[in-house]
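The values are calculated or read from the model by the stated rules, or taken from the named source; none is laboratory data. Keep in mind it's a predicted model, so treat the numbers as computed, not measured. Cβ placement follows ideal geometry from the backbone for every residue including glycine, while neighbour counts extend to all protein chains displayed.
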Amino acid sequence: MRESSLVKRGGYFLAFSGLSLFAFLCVLVIPFLYGFFLTFTDWNAISDTFSFVGLQNYRTVFTDKEFLRQFLVTLRYVAISAILCNVVAFTLAYLLTSGIRGQNLLRGGFFVPNLIGGIILGYIWKFMFANVFTQIGKAWGIDWLKTSFLTNPDRAIWAMIIVTVWQYAGYLMMIYIAGFVGIPKDVQEAADIDGAHGFRKLFRVTIPLMIPSFNICMFITLSRTFMTYDLNLSLTNGAPYGSTQLAAMHVYQKAFMSKQFGVGQAEAIVLFVVVALISVTQVLLNKKREVEV
Amino acid sequence: MSVRLRKQHWGRTVLVFLLLILFLVPFYLVINNSFRSTELFVNSPFRLTNSLDPKNYIDAFAKMKFLNGLQNSFYITICAVALILFTASMCAHYLVRNRSKLSNAIFGMMVASMIVPFQAVMIPLAKIYGSLNLYNNSLTLIFFYMGFGQAFAVFIFHGFIKGIPVELEEAALIDGCGRLKNFFSIVMPNLKPVLVTVLILDVLWIWNDYLLPSMVLLSPSLRTLPLSTFSFFTTYSVDYAPLMAGLVLTIIPVIALYLLCQKQIIEGVVQGAIK
């Protein structure tokens, strides 16, 4: 009797969560653990055997000047993109909740870039930077537009940032709009009656109440921009002179072009730890600042 | 006061419309120049096309094997999303209705796994599934999406099912309704709003994904749309005009979907982010 009920319960468990767990374990959990194990080996994709090298791969990662330089480029790209994305998105959301005409149509329009994959967006903007901006520069005599952003090591990263902001602003705007709409009417009215208008109301009342939205949007931009690959591949492909090769692309190159799987995976783990740390601290910090209503 | 307010509104409206135009100019340029020759495009990208010559489209359509890519994208997206929806909703239901240490551990692991970026498992995946000879197969890709999609979908369903009163199900079970039948006829219909949210997010993700299919699908006949666009671009990068048409062709399916169910898409995306 007991045994059959155990079989029954096991059958119930497997029928409902078996497939889900099987896929989850095979695709995510096992590869993740196995990947961690790989970082302690010198496996190179070609030979069948490998040996343990201890922490050698991590040592290689932290002394690899190229990786460190690209890591710094990535940090700069992530920081600037995250700030600009949120500023633009917040401004758009502010303007589009102030009751102007055609609000819904406008919101829908700003959201369009987010529907399209990074590869396609990268190509669209490649033409913008290479042909359209240079044309404008020549026609109107604007010197800094005459040469393409994409051929200049200092400006190519800005091309990446511009497209990233363009891609995510509409998406984050929608989250901020949900935040604006969620602010209780009585709080706003109280602020109006107390004589807080315009910017004062915005900074003293609205923004503190929007902290949860900031929290979500920062989390999204940080975790996504840190792992940018598609856009990087189609827009700049790391050029010129590797000045725009971001960390995620470096990992790919290390593993699949130079066939150093162990080192590549060690870099991937380092990236994972950094992203995890940033996300967790960021969430904790913001939780503290949330205002109770 | 009211005059000033109205003035402000006019100022804002104009500002926002200008911003939107700036935002959408790239699309205008791509569509406009997809009907023009490379020479016209390079010399005067902004000038409105004076013909709707489909030559570039015919070129691009054939060269990027558009129909083949479209078909593969549809097949993979539909299968993967259907599998995610069924398996994840059932799993979430089990985890909510059978609270135990094991259930909590499974759920906790799934939530924690959402922080792992794809790049952290990319190399081991290539090693494991490559050595099992499972690469270069659409089914493997569908299975990968099913695995990667679980955590988020289970998380969303879990939150929603917690809010559904258990009494409904208990009544059905007492009446002799089997567990599976109970799930499909009683629980599933209640999940509709959240099924739509997960469906939309997963469709957009899988349809646009590049890196994972680029690793798994090696033969050209298996390529999804983003892959065929990419290979088309790296092969024919001298002649711009057909490339523009190729971009428009790739964008059309998503934009069509957006025009059809804009409200659901925006709601789904916002809900998915907030939770």
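Residues in the range B:53-86 that are closer than 27 Å to A:GLY18 by Cα and among the aromatic types (Phe, Trp, Tyr): 3 in all.
With the requirement that a residue be more than 10 Å from chain A (Cβ to nearest Cβ), touching a helix residue (DSSP H, G or I) at 6+ places or on another chain (Cβ under 6 Å) and aliphatic (A, V, I, L, M), what does the range B:223-246 give you? Of everything in the range B:223-246, those that are more than 10 Å from chain A (Cβ to nearest Cβ), touching a helix residue (DSSP H, G or I) at 6+ places or on another chain (Cβ under 6 Å) and aliphatic (A, V, I, L, M) turn out to be B:ALA241, B:ALA245.
Taken as a whole, the range B:43-60 holds at least one residue that is part of a helix (DSSP H, G or I) and within 11 Å of another protein chain (Cβ to nearest Cβ).
Determine, yes or no, whether B:LEU249 is touching a residue at least 12 places away in the same chain (Cβ under 8 Å), within 21 Å of B:ILE78 (Cα to Cα) and either within 15 Å of the chain's Cα centre (by Cα) or more than 12 Å from chain A (Cβ to nearest Cβ) (or both). No.
The set of residues from the range A:97-133 being surrounded by 20 or more Cβ atoms within 10 Å (Cβ to Cβ), more than 21 Å from A:THR228 (Cβ to Cβ) and more than 7 Å from every other protein chain (Cβ to nearest Cβ) comprises A:ARG107, A:PHE133. Here is the figure for the range B:27-44: residues that are surrounded by fewer than 20 Cβ atoms within 10 Å (Cβ to Cβ) and within 23 Å of A:LEU121 (Cβ to Cβ) total 7.
Residues checked against (1) in a helix (DSSP H, G or I); (2) crowded, with 21+ Cβ neighbours inside 10 Å; (3) among the small types (Gly, Ala, Ser):
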{"position": "A:LEU68", "(1), (2), (3)": "yes, no, no"}
{"position": "A:LEU75", "(1), (2), (3)": "yes, no, no"}
{"position": "A:LEU84", "(1), (2), (3)": "yes, no, no"}
{"position": "A:VAL88", "(1), (2), (3)": "yes, no, no"}
{"position": "A:ILE136", "(1), (2), (3)": "yes, no, no"}
{"position": "A:ALA139", "(1), (2), (3)": "yes, no, yes"}
{"position": "A:ASP154", "(1), (2), (3)": "yes, no, no"}
{"position": "A:THR164", "(1), (2), (3)": "yes, yes, no"}
{"position": "A:GLN167", "(1), (2), (3)": "yes, yes, no"}
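Only residues that are assigned to a helix (DSSP H, G or I) and more than 12 Å from every other protein chain (Cβ to nearest Cβ) were counted across the range B:213-222, and they come to 3.
Check whether at least one residue in the range B:187-199 is among the charged types (D, E, K, R), in a helix (DSSP H, G or I) and either surrounded by fewer than 22 Cβ atoms within 10 Å (Cβ to Cβ) or assigned by TED's automatic domain parsing to the domain that holds B:GLY246 (or both), and report yes or no. Yes. Among residues of the range A:256-281 that are free of Cβ contacts under 8 Å to residues at least 24 places away in the same chain, those with a beta-carbon under 7 Å from a residue that is buried (at least 18 other Cβ atoms within 10 Å of the Cβ) and not in a helix (DSSP H, G or I) at least six positions away or on a different chain give the pairs A:PHE272/B:VAL116; A:PHE272/B:PRO117. Check whether at least one residue in the range B:200-212 is away from every other protein chain (no Cβ under 13 Å), more than 30 Å from B:SER131 (Cβ to Cβ) and at pLDDT 90 or above, and report yes or no. No, every residue in the range B:200-212 fails to be away from every other protein chain (no Cβ under 13 Å), more than 30 Å from B:SER131 (Cβ to Cβ) and at pLDDT 90 or above. Within the range A:141-152, the residues that satisfy the criterion of being in a helix (DSSP H, G or I) and touching a residue at least 12 places away in the same chain (Cβ under 8 Å) are A:LEU145, A:LYS146, A:PHE149, A:LEU150, A:THR151. Within the range B:162-169, none of the residues are assigned to a helix (DSSP H, G or I) and within 24 Å of A:ILE269 (Cβ to Cβ).
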